[in-house]
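Colleague: Please read through the structure below; I'll follow up with questions.
The values are calculated or read from the model by the stated rules, or taken from the named source; none is laboratory data. Predicted model, so just to flag it, every value in this text is computed and none were measured. Backbone-built Cβ (ideal geometry, glycine too); neighbour counts: all protein chains shown. What goes into the accessible areas is simple: the full protein's heavy atoms, side chains included, and nothing from ligands, DNA or RNA. Shrake-Rupley method; radii C 1.70, N 1.55, O 1.52, S 1.80 Å.
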Amino acid sequence: MKTMSESWDTYEAFRDMVRRIACDKIEPLAVDLDKTGGPPDAQFEIFRENELLGLGLPEEYGGGGGDLMAQVIAVEEMARVCSASALTMTAAWGTLDPLVRFGSAELKQAIIPPVAAGELRTAWCITEPQGGTDMAGMTTRAVEQDDCWVLNGTKRFITNGSWAHWYLVVARLDEDFAIFMVNADDPGICFGPPEDKMGLRGSPTSDVIFDDCRIPLDRIVGDRSGGLARMGLSLTHSRPVIAGQALGVAQGALDQAASYVKERKSQGKLLARYQLIQEKIGDMAIRVESARALLYRAVDFAMRGDPQARSLASMAKAACSDAAMSVAVDAVQLHGGYGYLRGVPVERMMRDAKITQIYEGTNEIQRLIIAKALLSEGGQA
Ligand SMILES: Cc1cc2nc3c(=O)[nH]c(=O)nc-3n(C[C@H](O)[C@H](O)[C@H](O)COP(=O)(O)OP(=O)(O)OC[C@H]3O[C@@H](n4cnc5c(N)ncnc54)[C@H](O)[C@@H]3O)c2cc1C
């Protein structure tokens with residue numbers, strides 16, 4: 001058995017490898033991706049060539065079998081230079097987590113290998129127009145009819161909407177909820193126009209609409225009921241990954257700010273020599289490293305299957321995304337007027353940071369999850 005430090009050396013070697021791809025191949029495309037608004041075809045191809053699209057998928061289905069720590073390291077390093085690209089990479093494995101855990105062997109065999117190979121793309125569809133937070137209030141419905149499931153409803157803000165080939169969809173079934181896999185070629189699926197977003201502009205987002213969408217009965221993922229609880233398990237896994245994306249943005253903004261103040265002069269002195277500037281940089285670094293420590297602890301708990309993992313995942317998601325937002329705002333401030341210009345990385349990072357406080361469960365909801373665990377009978381956060 002490997003010792004912790006031996007495993008850590010392996011993770012760090014993996015980090016170096018991902019960082020090289022991020023810096024050499026993804027960073028040079030980041031400004032243009034943000035300007036043109038994607039889709040990130042070139043980035044997807046780079047991830048495919050470097051076998052990163054199967055990273056979090058099981059080896060028996062052609063994936064890389066990377067554990068949660070490896071996934072978090074990969075997304076952190078990508079988001080450090082381009083958050084939209086990082087999301088494109090993680091969507092490949094993150095959106096299939098419920099299928100991996102609960103799908104039939106036949107469905108997994110049909111879907112996972114081409115996704116791991118980068119031949120097909122995926123999305124997951126939970127949010128609806130009337131509210132993403134209120135998952136139990138969703139109205140998209142599936143009914144069993146003539147040897148098919150027939151789906152009706154609209155999903156909103158779907159990452160990779162219209163760009164993906166497979167959609168994992170949560171819908172009402174009978175008196176409960178179930179999960180289904182819908183293909184972009186199935187009859188009755190269509191897509192809204194691309195959303196014009198503040199940030200993550202290189203990542204496609206749109207409505208996914210089901211209008212009497214008919215799919216075979218064997219496309220159900222798991223049982224006819226318990227879909228929300230199954231999604232809850234996947235969210236405990238995906239929240240640390242989104243926290244990793246936020247941490248990457250925070251680290252990227254700190255890197256940019258630190259190098260800027262070492263070059264920019266005011267009143268004949270480098271900005272880095274002023275104590276007020278040093279205080280800000282020191283404070284930004286504390287926020288980044290505190291968030292990282294909490295995230296890695298959450299990952300450790302999740303990998304050991306500890307019951308506290310859910311609460312820690314929520315803490316990490318809130319802490320990393322709050323750090324990303326505040327560090328990116330400070331990084332813009334340290335760039336003065338130049339930080340306000342399109343094409344300057346910290347301006348994009350500030351816009352990209354915001355979404356990490358909103359999706360994968362808003363930070364308000366993360367705090368409710370943490371408090372509920374803490375305040376329950378005998379509860380610990
Ligand atoms: C770029 C982008 C990509 C996305 N990708 C996906 C995707 O791939 N798949 C997917 O399913 N969804 C996706 N989403 C949707 C995202 O997860 C939701 O926007 C998010 O969950 C919030 O839902 P909402 O927008 O409906 O806000 P609402 O649920 O309407 O919330 C509005 C505000 O009220 C607060 N609030 C709501 N209820 C409570 C409460 N009980 N107590 C306290 N505060 C509350 C919220 O915290 C928030 O501040 C994406 C969104 C964006 C913008």
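Colleague: What's the number of the condition Asp322 fails, among (1) assigned to a helix (DSSP H, G or I); (2) more than 16 Å from the ligand (Cβ to nearest atom)?
Modeller: In the conditions (1) assigned to a helix (DSSP H, G or I); (2) more than 16 Å from the ligand (Cβ to nearest atom), Asp322 misses (2) alone.
Colleague: If I go through the range 66-118 residue by residue, how many of them are of a type in the set (Ser, Thr, Tyr) and closer than 19 Å to Asp255 by Cα?
Modeller: So the count comes out to 2.
Colleague: A further question follows. Criterion first (assigned by TED's automatic domain parsing to the domain that holds Gln333, assigned to a helix (DSSP H, G or I) and under 20 Å from Arg239 (Cβ atoms)) does Ala257 satisfy it?
Modeller: Criteria not met by Ala257.
Colleague: I'd like to verify a number: residues in the range 129-142 that are more than 8 Å from the ligand (Cβ to nearest atom) and charged (D, E, K, R), how many?
Modeller: Selection size over the range 129-142: 1.
Colleague: Please identify the pairs in which a residue from the range 189-203 that is in contact (Cβ under 8 Å) with a residue 12 or more places away in the chain and open to solvent by 60 Å² or more (accessible area, probe 1.4 Å) has its Cβ atom under 6 Å from the Cβ atom of a residue that is basic (Lys, Arg) and more than 9 Å from the ligand (Cβ to nearest atom), counting only partners at least 6 apart or on another chain.
Modeller: Going by the 6 Å Cβ cut-off, the qualifying pairs are Met198/Arg351.
Colleague: Listed residues Ala91, Ala74; which is touching a strand residue (DSSP E or B) at 6+ places or on another chain (Cβ under 8 Å), in a helix (DSSP H, G or I), touching a residue at least 24 places away in the same chain (Cβ under 8 Å) and of a type outside the set (Asp, Glu)?
Modeller: One residue alone meets the criteria, Ala91.
Colleague: Glu49 versus (1) within 16 Å of the ligand (Cβ to nearest atom); (2) open to solvent by 50 Å² or more (accessible area, probe 1.4 Å): which is the lone unmet condition?
Modeller: Among (1) within 16 Å of the ligand (Cβ to nearest atom); (2) open to solvent by 50 Å² or more (accessible area, probe 1.4 Å), Glu49 violates only (1).
Colleague: Right, next: When you go through Lys354, Lys317 one by one, which is the residue that is closer than 23 Å to Ala74 by Cβ, within 16 Å of the ligand (Cβ to nearest atom) and open to solvent by less than 40 Å² (accessible area, probe 1.4 Å)?
Modeller: It is Lys317.
Colleague: Restricting attention to the range 121-142, which residues are hydrophobic (A, V, I, L, M, F, W, C) and farther than 23 Å from Glu360 by Cβ?
Modeller: Hit for the range 121-142 is Ala142, nothing else.
Colleague: Which condition number does Arg19 fail, the rest of (1) under 22 Å from Leu200 (Cα atoms); (2) open to solvent by less than 70 Å² (accessible area, probe 1.4 Å); (3) of a type outside the set (Val, Ile, Thr) being met?
Modeller: Looking at each condition in turn, Arg19 falls short on (2).
Colleague: Take the conditions in a helix (DSSP H, G or I), open to solvent by less than 10 Å² (accessible area, probe 1.4 Å) and in contact (Cβ under 8 Å) with a residue 12 or more places away in the chain and apply them to Val100. Does it pass?
Modeller: no
Colleague: Phe157 versus (1) buried (at least 19 other Cβ atoms within 10 Å of the Cβ); (2) near the ligand (Cβ under 7 Å from one of its atoms); (3) part of a loop (DSSP other than H, G, I, E, B): which is the lone unmet condition?
Modeller: (3)
Colleague: Tally time: how many residues in the range 330-381 are touching a residue at least 12 places away in the same chain (Cβ under 8 Å), within 19 Å of Cys82 (Cβ to Cβ) and part of a helix (DSSP H, G or I)?
Modeller: 14
Colleague: Return the residues of the range 204-228 that are touching a strand residue (DSSP E or B) at 6+ places or on another chain (Cβ under 9 Å), away from the ligand (no atom under 14 Å from the Cβ) and either part of a helix (DSSP H, G or I) or open to solvent by less than 10 Å² (accessible area, probe 1.4 Å) (or both); say none if nothing qualifies.
Modeller: Passing the criteria: Cys213, Ile215, Leu217, Arg219, Val221.
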